[in-house]
Each structure stands twice: as C-alpha cells, then as structure tokens.
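Everything on this sheet refers to the single structure shown next.
The values are calculated or read from the model by the stated rules, or taken from the named source; none is laboratory data. In this text the structure is predicted, and so the values were computed from the model without any measurement. Cβ sites come from the backbone with ideal geometry, for glycine too, and all protein chains shown count toward neighbours. Remember, those area values only see protein heavy atoms, side chains included, never the ligands or the DNA or RNA. Shrake-Rupley method; radii C 1.70, N 1.55, O 1.52, S 1.80 Å.
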Amino acid sequence: MAHALLAPSSSERWINCPPSAKENAVQQDTSSSYAQQGTDAHTLCEYKVKKALGHKVRDPTEELEYFDEEMAEHTDAYCEFVMEQVEMAKQTCPDPLVLVEQRLDFTRWVADSFGTSDCVIVADGTMTVIDFKYGLGILVESKKNSQMRMYALGALNLFESLYDIQTIRMIIFQPRRDNISIAEISKDELLRWADEVLIPAAEQAAKGEGDYKAGKHCQFCKIKATCRKRAEYNLQIAQYDFAVPDTLENDEISIILDRADAFIGWVNDVKEYALEQAVSGRNFPGFKVVEGRSNRKYTDTDAVAAAVTEAGYNPYEQKLMGVTAMTKLLGKRKFDTLLGSLIEKPKGKPTLVPESDKRPAWNTANEDFKEEE
C-alpha cells in the first residue's frame with residue numbers, strides 16, 4: 001500500500017514539526033500486531049457497512065488474523081452508528097451519498113497527498129466524515145484534529161460543486177475507549193485553516209525545512225528515540241530543581257504531572273532503541289546485552305494433555321466465560337433476561353488525569369466529608 005509523504009494520518013506531526021516528514025520518509029517501515037489488528041477491524045467495518053447499505057460483498061471474517069468476539073462486537077456497533085448517521089442525513093436530504101473507504105486527494109492544498117476515509121456521508125447543507133479507531137492506548141479527539149480536517153477537505157473537494165455544503169461534521173468512533181468524539185466546523189473556517197496552517201506547513205515539510213518541535217505529536221515519529229529536540233524537551237523536567245525547597249508545592253507537582261507521561265515515554269523509547277542497536281552489535285559504554293528471564297512452557301500441548309489424561313488426571317482448568325463471551329454465546333436479549341440481575345459494573349480505581357478529560361471528577365474523601373456536614 002502506497003503512503004503519501006504528507007499523509008493525513010501523520011499530519012499532526014509534520015504540521016507541528018515540518019522537517020520530521022522527510023526524516024521519517026527515509027526510515028524503514030515496521031509492522032506490528034496492533035497495526036494488523038486495526039487493519040482487520042477496518043476490513044470488517046467496511047464489509048458490515050457495505051452489507052447494511054445493500055451492496056453485494058464477501059464476508060472476510062475467515063481471512064482475518066486477529067478476529068475475535070470483541071472485534072465482532074465493536075464492528076457491529078460501528079456499523080449501527082454509521083447507519084444512524086445515514087438516517088439522520090435523510091431527515092434533510094432524501095438521498096444522501098454514502099461512501100465507504102473513499103480515496104481522497106488533497107493536492108489542492110498539499111502536494112502529492114492522498115488518503116482514505118472510512119466513511120463520508122454527503123447531504124445538502126452538511127457533510128459527515130467518520131473515522132473508525134480500533135486502538136485502545138490513546139484517546140483520539142475530533143476537535144482540532146488535523147487528520148479529520150484533511151479528510152474533510154478531500155471530501156469537500158470532490159462534492160462541493162454537487163452539494164451545497166456549509167457545515168462539516170467530523171466524528172471519531174473509538175469503541176474500545178467508549179469514545180464517540182464529534183466536532184463541527186464551517187466550510188469557511190475549514191478553508192481558512194487550510195490556507196493559514198496546512199499549506200504553509202506542507203510547503204516547509206515537503207522541502208525538509210522549518211523548525212523541529214517536540215510534543216505529543218512525537219508519539220509515532222520514527223526518529224523519536226534519537227531526536228535531540230525531543231531529548232531537550234523532556235530533559236527540562238529532569239532539570240527541575242527538586243532540592244529547593246525541600247518539599248514541592250502543589251503547583252510544582254502539577255508541572256511534573258503534566259510532563260510525566262511524555263518523559264516516561266521518551267525514556268522507554270530510548271531504552272527500546274538502545275536494546276535494538278545493542279543486539280545488532282552497537283556498543284553503549286557501561287552497558288551489555290544479557291539473556292533475560294524466561295518461563296517454562298510446553299513443547300506440545302496435545303501430547304501433554306494426552307499423557308496427563310492417561311495417568312488418570314484432568315489436565316484442564318474449568319473457567320466461567322467472561323461477560324463479553326457470554327453475551328456473544330447467549331445473544332444480548334437472552335443474556336439480559338437470564339443474567340441481567342447478576343451483573344454489576346464496579347467503580348473504577350481513581351486515576352489522576354488532566355482537567356480536559358471528559359470524565360466527571362471523582363468524589364474525594366474531603367468532598368464526601370463536606371456533603372455530610
């Protein structure tokens with residue numbers, strides 16, 4: 001699959017750090033199980049939405065490497081959500097155009113740039129762009145999301161002459177994080193962003209010019225472990241003077257918390273890079289590669305089961321199905337009827353997050369005490 005130098009998926013990085021585009025282009029691509037899992041989920045989403053729209057499509061399930069019950073459940077939810085958006089569009093337009101896995105061209109704003117949108121729903125007045133995210137690690141928001149804005153520009157370029165589009169709705173559907181993030185932008189505001197932000201950054205990035213800048217956009221950069229600008233950015237927290245005063249004030253702790261995850265991520269990236277290089281033969285003074293700890297495992301599970309059974313023992317553990325697997329076995333309606341009264345959702349453990357997090361604040365012990373007064 002071809003990838004554009006200035007692709008929408010990496011736009012947050014190259015808009016903020018233009019020279020990173022060419023730096024990343026010369027690095028070798030690496031695949032991961034997470035990437036393949038995401039690809040499989042997208043393939044299943046495409047099939048289910050097209051089938052729901054009445055297209056003749058072949059079920060790809062048997063060919064998917066990472067298909068499981070969780071993927072089946074989340075892709076069903078995505079399909080249902082897309083069809084809800086189609087019905088919503090029909091309220092103002094009797095025959096909205098629905099495009100699945102639509103290839104989009106952005107060369108009007110970014111040279112040689114293209115990409116594929118998961119779903120575009122075009123109607124008079126409003127166009128909706130939906131992006132399915134199967135990742136679990138990072139919560140993705142649609143507000144000020146440059147990838148979504150580029151998709152919106154590409155779709156607008158295709159259909160603005162056919163439809164009177166004034167508003168663009170951009171939706172991130174991220175089921176494994178219970179996240180449906182919706183942002184709206186006017187056509188004029190989107191085009192203004194393209195002129196003032198996207199085009200200048202793309203021109204610098206295409207030439208390998210501009211300033212390096214570190215931040216959250218470094219997450220998927222291929223040179224993040226060796227980038228000096230990122231090192232300087234993260235070492236600022238290490239240079240914090242912890243000795244004066246003897247104890248930190250709350251606002252000082254807040255500064256550290258704000259940068260802690262980025263700092264820890266940077267350190268882990270450097271360690272991972274150093275290990276890969278050391279295994280390949282590079283020497284880092286003061287360090288060596290050793291064999292790590294490992295656990296015993298069976299060489300042939302069938303032979304083990306047969307030998308233990310023949311000896312008069314049961315080699316298998318009996319375990320109750322999890323809630324997701326049980327729901328799939330019984331079906332949601334029967335599950336609710338049989339087990340609804342036996343299901344609870346315990347309160348999650350307290351987690352410290354930025355104030356921008358959408359979840360309601362946890363009731364602290366102090367707040368509970370105030371309520372009792």
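Quick notes on this one:
- Subset of the range 110-124 [open to solvent by 20 Å² or more (accessible area, probe 1.4 Å) and either closer than 20 Å to Asp164 by Cβ or modelled with pLDDT of 95 or more (or both)]: Asp124
- Count - residues of the range 118-148 that are small (Gly, Ala, Ser) and closer than 21 Å to Asp178 by Cα: 3
- Within the range 90-102, considering residues that are of a type in the set (S, T, N, Q) and open to solvent by 50 Å² or more (accessible area, probe 1.4 Å), the one modelled with the lowest pLDDT: Thr92
- Criterion violated by Gln204 - all others in (1) in contact with a Lys or Arg (Cβ under 8 Å, 6 or more places away or on another chain); (2) within 28 Å of Pro19 (Cβ to Cβ) satisfied: (1)
- Just one of the listed residues (Glu87, Glu80, Glu65) is within 21 Å of Lys133 (Cα to Cα), among the charged types (D, E, K, R) and either open to solvent by less than 20 Å² (accessible area, probe 1.4 Å) or part of a helix (DSSP H, G or I) (or both), namely Glu80.
- The helices (runs of 4 or more DSSP H) falling completely within the range 263-373 that include 2 or more residues that are at pLDDT below 80 and open to solvent by less than 100 Å² (accessible area, probe 1.4 Å) map to 365-372.
- Count of residues meeting criterion [within 20 Å of the chain's Cα centre (by Cα), of a type outside the set (A, V, I, L, M, F, W, C) and surrounded by fewer than 16 Cβ atoms within 10 Å (Cβ to Cβ)] in the range 11-38: 7
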